[in-house]
Amino acid sequence: MKFSHKLLLWTTIIIALTLGFSGYYFVNYVFETSLEREVNQALDENSILRFAFETAALNVPVKYDLLQNSSVEQIASNLETSGQGTGRLLRISDEEKQTIYVSDGFETDDELLSVAEENQYSYRVIQSGDRYYIQTGSSVNALGRGLYLETLKDVSQVFEERETGFLVYRRLMILMLVLGIVVMYFISSGLTKPIRRLMRATREMAAGDYSYRAKQVSSDELGQLTQDFNHMSEALEQTIDQLEDEVQAREDFVGAFAHELKTPLTSIIGYADMLRSRKLDEEKSLLSANYIYTEGKRLEAMSLRLLDIIVTKKEGAKIQKVPVDSLFEYLRNMFLPNESMEFVFSYEQTYVLADASLIQTVLVNLLDNACKASDAGSRIEIGGYSQEDGYRFTVRDYGIGIPEEELSKITQAFYMVDKSRSRSRNGAGLGLALCTEILALHDSKLEIESTPGEGTSVGFLLLEAGKEAQHEAIHS
């Protein structure tokens, strides 16, 4: 299936599902609201009739110790007559729940009556034939007798309105789908036009015509892709070897950039999901929103920084005076919500000279690798302390460890000691390679100690602010 057809198909499916669910929810919400209103009105009417019945019973001449059935029938008849034009239907039952008076058309069973309790209101929605009713019930105390008053209200119109609503919405949805398909057909065709041009250029080049260039028809990402393709073609004409180097460099950049996006996106998604899935107080809501905003800004800055680090490697880090506790507090907020691991923080408060955003990236990658190398519930220690030649950061886990022969290779891009374990935990083999590049900008490097089956300790040294010592290379 062509990509444009896939795009059209999936867009149609998404539109259909969205319209279907939203329409069902809207119509059903209106129906439930109307039905609830009718139920409340029916209960209010029952309450009014109960009060009117008890009041009328007090005005009956006292000839007997108890209210007679004939008087009950007379009062009930008067109540029914007073509601002419409202469709009011009544049924009065005695203490034994035997019918004393019932309106014509009051046709239902005794299920509600059988569960009626004194001084309580009850109701149910029933269907009789093609009609729907709300049946209410309550107890009545009149001149020493405990009677039961039931009413029946026709609410068929509410159900008919729901069916009409569904019918109208189905027709509207079909119309919207047809219009959407027509519009998306032209959109998908226009969006995939650069792809079709690239396909033709690829076929021409595969046939040996390396001078062929794809025409750029837009300035968006696909237009940029076309331009990059043409640059690639020019490089291919010059030398195959040079082209392979450029492709590799681009792949490294894309891989590292994707790896770097994962952690802040995880935080954004996690806090956003917490905001939408549970009701938080104002302070927690503001805190969550702040993390989302902070990580979003970090993504914006990191996209530019990674370009310099991975591709050009020309621009140095923006070294500033950074409080150590802000770095560890960032890690706490990122990883402590993960209850599957035991995180232990221990550090001395001071200031280091570093690019805070880049060092956060290093620490997050090291801590993320420690989690991937450890089983659920394992202990992970994150520390920091001053020493004579600077401030040392360490991340210690008690996981699977790294064989000695692998230690010299793990900082290579895409290299993974245990490929099956790393991929199962969303590893890409780029974390330590990225850390190495960032620390190189800080005149530092990773120091790794590991024993298979016992765990791994990874650390690095940064210059501590306020010290006069020169920034020297750190030796393992």
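In segment 334-354, the residues that are charged (D, E, K, R) form Cβ pairs under 6 Å with partners that are assigned to a strand (DSSP E or B), at six or more places apart or across chains, as follows: E342/R379; E348/Y385; E348/S386. So which residues in segment 24-65 are farther than 20 Å from A142 by Cα and of a type in the set (S, T, N, Q), if there are any at all? Correct list: N28, T33, S34, N40, Q41. Kindly indicate the residue of segment 341-388 that is hydroxyl-bearing (S, T, Y) and open to solvent by 50 Å² or more (accessible area, probe 1.4 Å) and also nearest to T294 (Cα to Cα) among those meeting that condition. Filtering first and then ranking leaves Y351. Residues in segment 32-62 that are over 20 Å from E150 (Cβ atoms), modelled with pLDDT under 90 and open to solvent by 50 Å² or more (accessible area, probe 1.4 Å): L58, N59, P61, V62.
Evaluate the following for V27: is it within 30 Å of L172 (Cβ to Cβ) and either of a type in the set (D, E) or touching a Lys or Arg at 6+ places or on another chain (Cβ under 8 Å) (or both)? Break it down into steps so the answer makes sense when it comes.
Working: within 30 Å of L172 (Cβ to Cβ): yes; either of a type in the set (D, E) or touching a Lys or Arg at 6+ places or on another chain (Cβ under 8 Å) (or both): yes.
Yes: the conditions hold for V27.
Here S71 does not fit the description of being modelled with pLDDT of 85 or more, over 14 Å from E150 (Cα atoms) and of a type in the set (G, A, S).
The values are calculated or read from the model by the stated rules, or taken from the named source; none is laboratory data. Treat the numbers as computed from the prediction; the structure is a model and nothing was measured. Virtual Cβ from ideal backbone geometry, glycine too; neighbours counted across all protein chains shown. We work out accessible area using only protein heavy atoms, side chains counted, and drop any ligands, DNA or RNA first. Shrake-Rupley method; radii C 1.70, N 1.55, O 1.52, S 1.80 Å.
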